[in-house]
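**Q** Sharing a structure, written as structure tokens. Questions coming.
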Amino acid sequence: MSSGLMNWLARLCVLGALLILLGGAATWLMHRSWFDLQRVELRGDLTHVSSAAVRASIAGRISGNFFTAKLEEVRRAFEAVPWVAAASVRRAWPNRLVVTLREHRALGLWSDGRLLSDGGRLFVANLAEAEIYGPLAQFDGPERFAGEAVRRYYELAARLAPLSLSVSGVEISERASWAVTTDAGQRFELGRDEPAGRLSERIVLLVAAYPRVSAQLGAPPKRIDLRYPNGLAAAGGKGSSTARKS
């Protein structure tokens, strides 16, 4: 074996030994008590989430230190806290975690007792806390419609506002037939969104026909059924009324 090759192998062995020593030193350093997590700093615009509730919910669920804590597991632990919609976690030198939380904003109460967020997610939380800003809208239907229910709620609320009507509830049947109730106790049957866009067309028809129907009945209608192909039927006030699309 040539001397050049032997020198190359010797250097390689020395380099390998140095890497092993450095790796061992790094591992030893990473596990020193200096880097044990001392504090978790919470950030975010929080109304329902308190530090006490967070501590109780994550107790025993965060392990490791500044270097070894698994941030994905920490994030999931925080997102399991009631009212937390999303959490982001980052390390802060030398022994802290900074956690930014975003809360759910409750829009309504689903028929199974869970709350519906304005982002279309169902979650479990204290109902009394959800009603601090006023009564919640009522939602009834299969869980798969939660996201669309929120979108329809806002569409209906915007369309009905010029009529001085507020949406108090949204119902969706197993066959995806929609109905809405108002704070005045009225019920509007909207039917299915087939073909796509039909539901929005019926909402426009409802808003356009409402003043005329109210005038014909002599009072605001208690019920309007828009499931007819060429018009609607209304009842309430002093009688009933039908109207065709113009």
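**Q** Among the residues of the range 208-221, write down those that are touching a residue at least 24 places away in the same chain (Cβ under 8 Å) and farther than 23 Å from Ala158 by Cβ.
**A** Correct list: Gln216, Leu217.
**Q** Then there is this: Could you please let me know if Val167 is among the β-branched types (Val, Ile, Thr) and under 19 Å from Tyr228 (Cβ atoms)?
**A** no
**Q** List pairs: first residue in the range 119-138 and touching a residue at least 60 places away in the same chain (Cβ under 8 Å) and among the charged types (D, E, K, R), second residue surrounded by 13 or more Cβ atoms within 10 Å (Cβ to Cβ) and assigned to a loop (DSSP other than H, G, I, E, B) anywhere in the structure, Cβ distance under 8 angstrom, at least six positions apart or on different chains.
**A** Glu129/His48; Glu129/Trp83
**Q** Hey, could you check the range 89-105 for residues that are in a strand (DSSP E or B) and open to solvent by 70 Å² or more (accessible area, probe 1.4 Å) and say which is farthest from Asp183 (Cα to Cα)? Can you show your working first?
**A** Initially, the range 89-105 is screened for residues in a strand (DSSP E or B), giving 89-92, 96-103.
Adding the requirement that they be open to solvent by 70 Å² or more (accessible area, probe 1.4 Å) leaves 90-91, 102.
Numbers: Arg90: 45, Arg91: 48, Arg102: 30 Å.
The extreme case among them is Arg91.
**Q** Still on this structure, please answer the following. Quick check, is Thr182 open to solvent by 30 Å² or more (accessible area, probe 1.4 Å) and among the polar types (S, T, N, Q)?
**A** The answer is no for Thr182.
**Q** Right, next: Being assigned to a helix (DSSP H, G or I), touching a Gly at 6+ places or on another chain (Cβ under 9 Å), modelled with pLDDT of 95 or more and among the aliphatic types (A, V, I, L, M) narrows it down to one of Val150, Val170, so name that one.
**A** That would be Val150, the only listed residue that is assigned to a helix (DSSP H, G or I), touching a Gly at 6+ places or on another chain (Cβ under 9 Å), modelled with pLDDT of 95 or more and among the aliphatic types (A, V, I, L, M).
**Q** Sort out which residues of the range 106-162 are polar (S, T, N, Q) and farther than 18 Å from Thr181 by Cβ, and write them in order of number.
**A** Ser117, Asn126 - these are the residues of the range 106-162 that are polar (S, T, N, Q) and farther than 18 Å from Thr181 by Cβ.
**Q** When only residues in the range 127-147 that are touching a strand residue (DSSP E or B) at 6+ places or on another chain (Cβ under 6 Å) and assigned to a helix (DSSP H, G or I) count, which is modelled with the lowest pLDDT?
**A** Ala130
**Q** Have a look at Leu116, Leu156 and point out the one that is within 24 Å of Asp193 (Cα to Cα), open to solvent by less than 40 Å² (accessible area, probe 1.4 Å) and in contact (Cβ under 8 Å) with a residue 40 or more places away in the chain.
**A** So the residue among Leu116, Leu156 that is within 24 Å of Asp193 (Cα to Cα), open to solvent by less than 40 Å² (accessible area, probe 1.4 Å) and in contact (Cβ under 8 Å) with a residue 40 or more places away in the chain is Leu156.
**Q** Test Val204 against the criterion of being open to solvent by 10 Å² or more (accessible area, probe 1.4 Å) and in contact with a Leu (Cβ under 6 Å, 6 or more places away or on another chain), and give yes or no. Working first, answer last.
**A** Values: open to solvent by 10 Å² or more (accessible area, probe 1.4 Å): yes; in contact with a Leu (Cβ under 6 Å, 6 or more places away or on another chain): no.
Judged against the criteria, Val204 is not a match.
**Q** For the range 185-207, what are the residues that are touching a residue at least 40 places away in the same chain (Cβ under 8 Å) and in contact with a helix residue (DSSP H, G or I) (Cβ under 8 Å, 6 or more places away or on another chain)?
**A** Looking only at the range 185-207, we keep the residues that are touching a residue at least 40 places away in the same chain (Cβ under 8 Å), and these are 186, 199-200, 203-207.
Across the range 185-207, the qualifying residues are Leu199, Ser200, Ile203, Val204, Leu206, Val207.
**Q** Right, next: Give Ala86, Ala77 a once-over and let me know the one that is under 15 Å from the mean Cα position of the chain (by Cα) and either of a type outside the set (Phe, Trp, Tyr) or in a helix (DSSP H, G or I) (or both). Spell out the reasoning first.
**A** Details: Ala77 fails: under 15 Å from the mean Cα position of the chain (by Cα).
Every option except Ala86 fails the conditions.
The values are calculated or read from the model by the stated rules, or taken from the named source; none is laboratory data. Please read all numbers here as calculations on a predicted model, not as lab measurements. We place every Cβ from the backbone using ideal geometry, glycine too, and count neighbours over all the protein chains shown. Heavy atoms of the whole protein, side chains included, go into the accessibility calculation; ligands, DNA and RNA do not. Shrake-Rupley method; radii C 1.70, N 1.55, O 1.52, S 1.80 Å.
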